[in-house]
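Here's the structure we're looking at; comments come further down.
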Amino acid sequence: MERYEKIAKDEESVEGRERRLYEASVTGSVNSLKRLIAKDPLTLARAAVTCFNETPLHVAAMLGHLDFASYLLTHKPDMTRALDLRGRSPLHLASANGYVEMVNILLSSNPDACLIRDEDGRTPLHLAVMKGEVEVTRMLVGARPQVTRYKLDQGETILHSAVKQNRLGALKLLVELAGEVEFVNSKDDYGNTVLHTATALKQFETAKYLVERPEMEVNAVNGNGFTALDIIQHTPRDLKGMEIRESLVKAGALSSRNIPALLGKGHQLMGESGITMVIENPQLSPPPPPAVAVPTEAKTSTPLRGREKKIHENKKEWTMKKREALMVAATLIAGMAFQAAINPPGGVWGEEKDDGNGKKMLAGTSIMAHNYPGRYRLFMACNAVSFVTSLSIVFLVVSGVPFVKRRILMWPLMIIMWITLTFMAFTYMFSILAIAPTNDDTEAARSLGQVIDINYVVGVSLLVWFSLFAFVVLVHIIRFLIWCVRKVGKAIIYCFMIR
């Protein structure tokens, strides 16, 4: 019986020491650790065997206890290689938390610890970059530069991880420290460079930085045949997308169909719906015709092909810019019209009232509708027209209807926009008439000459607007007539030439 009691007492003392060791790790008490080691010199060796989840060094690295970690490493330096249940070393935890001094201590004890991968294949450098810890990133790369070449499961480099987590500071440091051309332009298993990733995620600052780097190949093609410019052109258009596209074009980025290396080949592109398709290059010239006598007129027309091509590209660029401008303007007007509808001029009644004439004023209903019912109907009619027409423009642009991409058929959209702006001006007029103060019934104001004639001010404003509107319409009519005259003149000249 005494024998069993002695064994139980010994087991209790071992468990107690392990518990006190964990408590000392949490509090970072070096004195407690010294007392435990003095009582049992095998305390740390036993902890390395029994602590399957976290060793004392894991806890100290997680909480940033520098003195405790230093004392541990003087007695058991190989604890830097210990892993927790997720395969993470103490350096993983210190790097993720941004403890610069702790990282320095761990690296001084074992520089190879920065090469250890956890169960997800991530090194301490991956965690530091994903958390945006720039100084820790600098220390890890300085300890073992080859760690920057470690890739994750889908072939993602450390640069891809920085871009996916939107850590521009860490990305800049990595490019500066190990910015070889091959490293900066390395691709994942899908053929995407970091520029592809930044463009797809619409990270404007990151994409701008990358295209300004001399090492970056802005026309690299991924596994689906996309360049970065292709990606931004196939994503929904917004202000960020337009800024990224402008940066790419300034840096000399091209669509994959315009890259000389791809001329003569069909290449795969993935459309907005995600369906992979094969697109033959439209610039591929047909095979040369057999050698025959060519008339003089045909020979003289050959040099004009380059000019005609440039004119065609300019028209296409004009159409794209015009479509984007209409999209932005229509979206803003739709938002303004919506706000005006739910919050009309003068506000709404806060509580139910009776105006004394038997008419109730319900809470939440328009004050303008009660005070000026005629003007309110006109206000809502004009506002509804501007809202519907602006939504129509947005719908036609984003719906992918083919005619919207043609220059000559962009004019109906512009006319709709003119109508939208005109009715928005009427909406503004009725709003001003509803909320502007008037002194027409105040004798004192009349005697002082302070009567405000709002109708006159609004009338002048509308006159200026309609004058500008009429001028623009007249200019376009003249342009159309000139275009018609030119076409008719060319047709007449062609008839005489045939004769």
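Of the residues that make up the stretch 174-181, is at least one in contact with a Ser or Thr (Cβ under 9 Å, 6 or more places away or on another chain), of a type in the set (Val, Ile, Thr) and in contact (Cβ under 8 Å) with a residue 24 or more places away in the chain?
Looking for residues that are in contact with a Ser or Thr (Cβ under 9 Å, 6 or more places away or on another chain), of a type in the set (Val, Ile, Thr) and in contact (Cβ under 8 Å) with a residue 24 or more places away in the chain, one finds none in the stretch 174-181, hence no.
Out of Arg138, Arg117, Arg144, Arg167, report the one residue that is surrounded by fewer than 24 Cβ atoms within 10 Å (Cβ to Cβ), farther than 26 Å from Arg81 by Cα and outside the structural domain of Gly223 (by TED's automatic domain parsing).
Criteria check complete, one pass: Arg167.
So which residues in the stretch 435-472 are more than 24 Å from Tyr376 (Cβ to Cβ) and at pLDDT below 80?
Within the stretch 435-472, Thr442, Glu443, Ala444, Ala445, Arg446, Ser447, Leu448, Gly449, Gln450, Val451, Phe469 qualify.
Since Gly241 meets every condition but one in (1) modelled with pLDDT under 90; (2) under 21 Å from the mean Cα position of the chain (by Cα); (3) surrounded by fewer than 18 Cβ atoms within 10 Å (Cβ to Cβ), which condition does it not meet?
The one condition Gly241 does not meet is (3).
Pick out, from the stretch 169-239, the helices (runs of 4 or more DSSP H) lying fully within it that include 2 or more residues that are among the β-branched types (Val, Ile, Thr), touching a Leu at 6+ places or on another chain (Cβ under 9 Å) and farther than 26 Å from Leu326 by Cβ.
Once the helices (runs of 4 or more DSSP H) in the stretch 169-239 are filtered for at least 2 residues that are among the β-branched types (Val, Ile, Thr), touching a Leu at 6+ places or on another chain (Cβ under 9 Å) and farther than 26 Å from Leu326 by Cβ, what remains is 194-200, 204-212.
Quick check on the stretch 349-383: of everything there that is in a loop (DSSP other than H, G, I, E, B) and surrounded by 13 or more Cβ atoms within 10 Å (Cβ to Cβ), which residue is modelled with the highest pLDDT?
Thr365
Can you give me the number of residues within the stretch 199-235 that are over 11 Å from the mean Cα position of the chain (by Cα) and either over 19 Å from Phe183 (Cβ atoms) or charged (D, E, K, R) (or both)? I'd like the intermediate steps shown before the answer.
We begin by selecting, within the stretch 199-235, every residue over 11 Å from the mean Cα position of the chain (by Cα); these are 208-231, 233-234.
Those still in the list that are either over 19 Å from Phe183 (Cβ atoms) or charged (D, E, K, R) (or both) too: 208, 212-213, 215, 217, 223-227, 229-231, 233-234.
The qualifying residues number 15.
Please find, among Val292, Val278, Val328, the residue that is at pLDDT 80 or above, out of contact with any Ser or Thr (no Cβ under 6 Å at 6 or more places or on another chain) and not aromatic (Phe, Trp, Tyr). Working first, answer last.
Details: Val292 fails: at pLDDT 80 or above; Val278 fails: at pLDDT 80 or above.
Only one candidate qualifies: Val328.
Tell me the residue from Thr74, Thr27 that is farther than 21 Å from Pro111 by Cα, surrounded by fewer than 18 Cβ atoms within 10 Å (Cβ to Cβ) and in the same structural domain as Ala94 (by TED's automatic domain parsing), please.
After applying the criteria, what remains is Thr27.
Filter the stretch 111-159 down to the residues that are of a type in the set (Val, Ile, Thr) and farther than 21 Å from Glu176 by Cβ and list them by number.
Scanning the stretch 111-159 gives a single hit, Ile116.
The values are calculated or read from the model by the stated rules, or taken from the named source; none is laboratory data. This structure is a prediction, so every number in the text was calculated from the model and none was measured. Methodologically, a virtual Cβ is constructed for each residue, glycine included, from the backbone with ideal geometry; neighbour enumeration extends over all protein chains shown.
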